[in-house]
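The values are calculated or read from the model by the stated rules, or taken from the named source; none is laboratory data. Not measured: the values here are computed from a predicted model. Backbone-built Cβ (ideal geometry, glycine too); neighbour counts: all protein chains shown. These accessible areas exclude ligands, DNA and RNA; they are computed on the full protein's heavy atoms, side chains included. Shrake-Rupley method; radii C 1.70, N 1.55, O 1.52, S 1.80 Å.
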Amino acid sequence: MDFFNTSTYQYFLLSGFSGLESSHKVISILFCALYIIALVGNSIIIVVIRVEPSLHTPMYFFLSMLAASDLGLCATTLPTLLGLFWFNVREINFDGCLVQMFFIHVFSLMESGILLSMAFDRYMAISNPLRYNAILTNTAIAKIGVGLLLRAVAVILPGPFLIKRLKFCEANVLSHSYCLHPDIIKLSCSDHRINSIYGLIIILITFGVDSALILLSYLKILITVLGIASRVEQHKALNTCVSHICAVLLVYVPMLGVSIIHRFGKHVPSVVHIIMGYVYLLVPPVLNPVVYCIKTQEIRTRILGNLMKS
């Protein structure tokens with residue numbers, strides 16, 4: 001078998017839906033609709049929060065960060081997806097693939113960190129409302145945002161360099177229309193245990209820790225809410241968390257599914273890998289704006305008010 005190092009291994013081949021190549025243009029209509037919903041929905045949330053002074057609160061600042069990370073995910077994957085489905089452009093440069101992989105994982109990790117920050121925001125608002133504004137100042141929120149970005153970049157940055165040390169064989173077909181770390185390393189013909197261990201460690205110390213802390217925050221919130229005598233106040237407090245809980249599930253359930261399939265689903269049909277990959281990247285950006293517009297009265301009121309004025 002022929003081997004290639006990164007100096008001679010110039011490109012990967014992206015994959016759509018195997019066996020349905022003739023229908024790719026039709027399938028692309030669905031993807032275009034989803035991307036339009038994601039791009040428009042998240043942009044509206046950012047603009048509404050930006051122009052409405054009454055929404056300049058910690059909860060909405062974190063929501064605008066979440067919308068921005070969703071936009072980043074869409075912008076990162078949209079070019080290769082549309083190139084494949086519209087123009088059958090399957091080749092992607094090796095370095096270009098690594099760059100796309102880097103940004104996909106950075107924005108995904110940013111989402112996880114923002115969801116953790118939003119859980120802390122809800123905990124402070126419900127459990128310690130008197131100190132809420134004193135702790136979550138605009139400066140503190142800005143520092144949290146920068147810290148989340150630096151964390152994501154720092155833990156993902158070694159990934160491309162670890163991949164560059166691998167050797168690849170003639171098989172160069174990826175499972176998706178974009179580049180993911182586990183999808184790339186499984187094409188390697190050299191020992192990629194270090195890469196696999198690195199990926200597992202990253203998942204455990206980021207998504208794993210974030211999800212555990214989110215769960216802990218909600219346990220504390222639940223304890224606080226159960227201590228409130230009034231049923232009306234209990235319902236009001238919990239209702240402020242519904243949108244965030246939905247966002248957490250929309251991010252973590254697909255992410256967990258993709259991770260499990262990539263690591264343990266070697267005999268799972270390829271179409272399952274493909275569908276889960278698109279669910280992982282498209283469901284959160286598409287449904288997060290829908291959930292927050294439906295469940296958050298302030299945003300819904302501002303959007304409807306602006307539509308009535310226009």
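A few notes on this one:
- All of Asp121, Asp95 fail the test of being under 28 Å from Tyr11 (Cα atoms) and over 19 Å from the mean Cα position of the chain (by Cα), apart from Asp95.
- For the stretch 223-233, filtering for residues that are open to solvent by less than 70 Å² (accessible area, probe 1.4 Å) and free of Cβ contacts under 8 Å to residues at least 40 places away in the same chain leaves 3.
- If the condition is being surrounded by 15 or more Cβ atoms within 10 Å (Cβ to Cβ), at pLDDT below 90 and either touching a strand residue (DSSP E or B) at 6+ places or on another chain (Cβ under 8 Å) or under 14 Å from Thr296 (Cα atoms) (or both), then the stretch 49-59 contributes only Leu55.
- Boolean, Phe62 is open to solvent by less than 10 Å² (accessible area, probe 1.4 Å), of a type in the set (Phe, Trp, Tyr), in contact (Cβ under 8 Å) with a residue 12 or more places away in the chain and within 30 Å of Tyr123 (Cα to Cα): yes
- The stretch 173-200 - residue that is of a type in the set (A, V, I, L, M, F, W, C) and open to solvent by 40 Å² or more (accessible area, probe 1.4 Å) and, of those, farthest from Cys74 (Cα to Cα): Cys189
- Matching residues in the stretch 135-145 - criterion: being in a helix (DSSP H, G or I) and open to solvent by less than 80 Å² (accessible area, probe 1.4 Å): Ile135, Ala140, Ile141, Ala142, Ile144, Gly145
- Of the set (1) assigned to a loop (DSSP other than H, G, I, E, B); (2) open to solvent by less than 60 Å² (accessible area, probe 1.4 Å), all apply to Glu170 but (2).
- Criterion applied to Ser217, Ser259, Ser211, Ser270 was being out of contact with any His (no Cβ under 6 Å at 6 or more places or on another chain), crowded, with 20+ Cβ neighbours inside 10 Å and either over 26 Å from Ile163 (Cα atoms) or at pLDDT below 90 (or both), and the one residue passing it is Ser217.
- Summed over the stretch 234-256, the residues that are under 20 Å from Val106 (Cα atoms), open to solvent by 20 Å² or more (accessible area, probe 1.4 Å) and not aliphatic (A, V, I, L, M) give a count of 1.
- Filtered residues of the stretch 65-92 (kept if acidic (Asp, Glu) and either over 22 Å from the mean Cα position of the chain (by Cα) or within 21 Å of His24 (Cβ to Cβ) (or both)): Glu91
- Entry remark, the stretch 80-123: residues being over 29 Å from Cys246 (Cβ atoms), open to solvent by 40 Å² or more (accessible area, probe 1.4 Å) and in a helix (DSSP H, G or I) number 4 in total.
- Scope the stretch 182-201; condition without any contact (Cβ under 8 Å) to a residue 24 or more places away in the chain and acidic (Asp, Glu); matching residues: Asp191
- Exactly one residue out of Ile205, Ile228 is in a helix (DSSP H, G or I) and out of contact with any Leu (no Cβ under 6 Å at 6 or more places or on another chain): that is Ile205.
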